[in-house]
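S.K.: Here it is, the structure, as structure tokens.
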Amino acid sequence: MNNPWTTLTTREVYSNKWIQVTEHDVLNPAGGKGIYGKVHFKNKAIGIIPVDENGNTWLVGQYRYTLNEYSWEIPEGGGAMDTEPLEAAKRELKEETGLTANKWTLLMRIHTSNSVTDEEGFVFLAEDLTQGADDREETEADLVVKKLSLQEAVSMVMDGKITDSISVAGLLKVARMKNL
């Protein structure tokens, strides 16, 4: 399908190491003038759902500055644009939980909030796990890792205790795959 939007002008409003914000003067599909803000992410979003042979998974809890609240999530982070998502997933899982996996399955490609951002995410299922030491970044010093049943994690989604979009989508997909 052809793009029904016409971009008249584009200007950068802000840029740092992680994001770029642009503002666009546009003509909408009906021909009316408008303005559109776009947040471009300079990394891919990567999420991992580790599941062991007993049906347990791991969540990470941390205070999210942008939300001004505590958040329970699947292990996740950023992957460089020039890095394969699977390689970033392996690094993130080890970094946050100390886990490594011998079996990896791509669950989904996801756009986290496509009305304002072009962020592209990838969610993986990690199985056949081995526990080792984590390798956390400075910003993850207060990260809490919690092992629980996959069923409990899905219940946290259904009860509104997990609200992160990548975590919600990934956990519900794994639940469907595993008939939970």
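S.K.: Taking only the range 27-42 into account, find how many residues are in a strand (DSSP E or B), of a type in the set (A, V, I, L, M, F, W, C) and farther than 15 Å from Asp118 by Cβ.
M.R.: Here is the first cut: in the range 27-42, the residues in a strand (DSSP E or B) are 27, 33-41.
Filter once more, keeping what is of a type in the set (A, V, I, L, M, F, W, C): 27, 35, 39, 41.
Okay, now just the ones that are also farther than 15 Å from Asp118 by Cβ, so 27, 35.
Looking only at that region, the number is 2.
S.K.: Does Arg109 meet the test of being farther than 15 Å from Val51 by Cβ and part of a helix (DSSP H, G or I)?
M.R.: On the way: farther than 15 Å from Val51 by Cβ: yes; part of a helix (DSSP H, G or I): no.
So Arg109 fails the test.
S.K.: Criterion first (over 14 Å from Leu59 (Cα atoms) and surrounded by 13 or more Cβ atoms within 10 Å (Cβ to Cβ)) does Lys178 satisfy it?
M.R.: Working: over 14 Å from Leu59 (Cα atoms): yes; surrounded by 13 or more Cβ atoms within 10 Å (Cβ to Cβ): yes.
Criteria met by Lys178.
S.K.: Would you check if there is a residue in the range 125-140 being modelled with pLDDT of 95 or more, surrounded by 19 or more Cβ atoms within 10 Å (Cβ to Cβ) and in contact with a helix residue (DSSP H, G or I) (Cβ under 8 Å, 6 or more places away or on another chain)?
M.R.: Checked the range 125-140: at least one residue is modelled with pLDDT of 95 or more, surrounded by 19 or more Cβ atoms within 10 Å (Cβ to Cβ) and in contact with a helix residue (DSSP H, G or I) (Cβ under 8 Å, 6 or more places away or on another chain).
S.K.: Here's another thing I want to ask about it. Would the range 131-142 turn up any residue that is under 17 Å from the mean Cα position of the chain (by Cα) and either among the hydrophobic types (A, V, I, L, M, F, W, C) or under 11 Å from Ile49 (Cα atoms) (or both)?
M.R.: no
S.K.: Find the residue count for the range 144-180, including only residues that are assigned to a loop (DSSP other than H, G, I, E, B), touching a Ser or Thr at 6+ places or on another chain (Cβ under 9 Å) and hydrophobic (A, V, I, L, M, F, W, C).
M.R.: First, the residues of the range 144-180 that are assigned to a loop (DSSP other than H, G, I, E, B): 159-164, 178-180.
Going one step further and asking which of them are touching a Ser or Thr at 6+ places or on another chain (Cβ under 9 Å), we end up with 161-164.
With hydrophobic (A, V, I, L, M, F, W, C) added as a condition, the list becomes 162.
Within the range 144-180, residues that are assigned to a loop (DSSP other than H, G, I, E, B), touching a Ser or Thr at 6+ places or on another chain (Cβ under 9 Å) and hydrophobic (A, V, I, L, M, F, W, C) number 1.
S.K.: Among the residues of the range 1-50, write down those that are free of Cβ contacts under 8 Å to residues at least 60 places away in the same chain and aliphatic (A, V, I, L, M).
M.R.: Our first condition is that a residue be free of Cβ contacts under 8 Å to residues at least 60 places away in the same chain; within the range 1-50, this holds for 1-17, 19-36, 42-43.
Residues satisfying the conditions are Met1, Leu8, Val13, Ile19, Val21, Val26, Leu27, Ala30, Ile35.
S.K.: Taking interchain pairs and intrachain pairs at least six residues apart, which have beta carbon atoms under 7 angstrom, with the first residue in the range 66-81 and closer than 23 Å to Ser155 by Cα and the second of a type outside the set (Ser, Thr, Tyr) and part of a loop (DSSP other than H, G, I, E, B)?
M.R.: Ser71/Asp164; Trp72/Lys161; Trp72/Ile162; Glu73/Ile162; Glu73/Asp164
S.K.: Specify the residue that is surrounded by the most Cβ atoms within 10 Å (Cβ to Cβ); the eligible residues are those in the range 1-54 that are touching a Gly at 6+ places or on another chain (Cβ under 7 Å) and polar (S, T, N, Q).
M.R.: Going residue by residue through the range 1-54, those that are touching a Gly at 6+ places or on another chain (Cβ under 7 Å) are 21, 23, 26, 28, 43-47, 49.
Pick out the ones that are also polar (S, T, N, Q) and you get 28, 43.
Numbers: Asn28: 12, Asn43: 17.
Per the stated criteria, the residue is Asn43.
S.K.: Please work out which residue is surrounded by the fewest Cβ atoms within 10 Å (Cβ to Cβ), limiting yourself to the range 59-110 and to residues that are closer than 21 Å to Met177 by Cβ and small (Gly, Ala, Ser).
M.R.: Ala101
S.K.: How about the range 1-26: which of its residues are farther than 15 Å from Val116 by Cβ, outside any loop (DSSP other than H, G, I, E, B) and of a type in the set (D, E, K, R)?
M.R.: Residues satisfying the conditions are Arg11, Glu12, Asp25.
S.K.: Continuing with this model, one more query. Taking Ser113 as meeting all but one of (1) farther than 30 Å from Gly37 by Cα; (2) exposed (fewer than 15 other Cβ atoms within 10 Å of the Cβ), write down the number of the exception.
M.R.: In the conditions (1) farther than 30 Å from Gly37 by Cα; (2) exposed (fewer than 15 other Cβ atoms within 10 Å of the Cβ), Ser113 misses (1) alone.
The values are calculated or read from the model by the stated rules, or taken from the named source; none is laboratory data. All values reported here derive from a predicted model rather than from experimental measurement. Neighbour counts run over all protein chains shown; Cβ positions are idealised from the backbone, glycine included.
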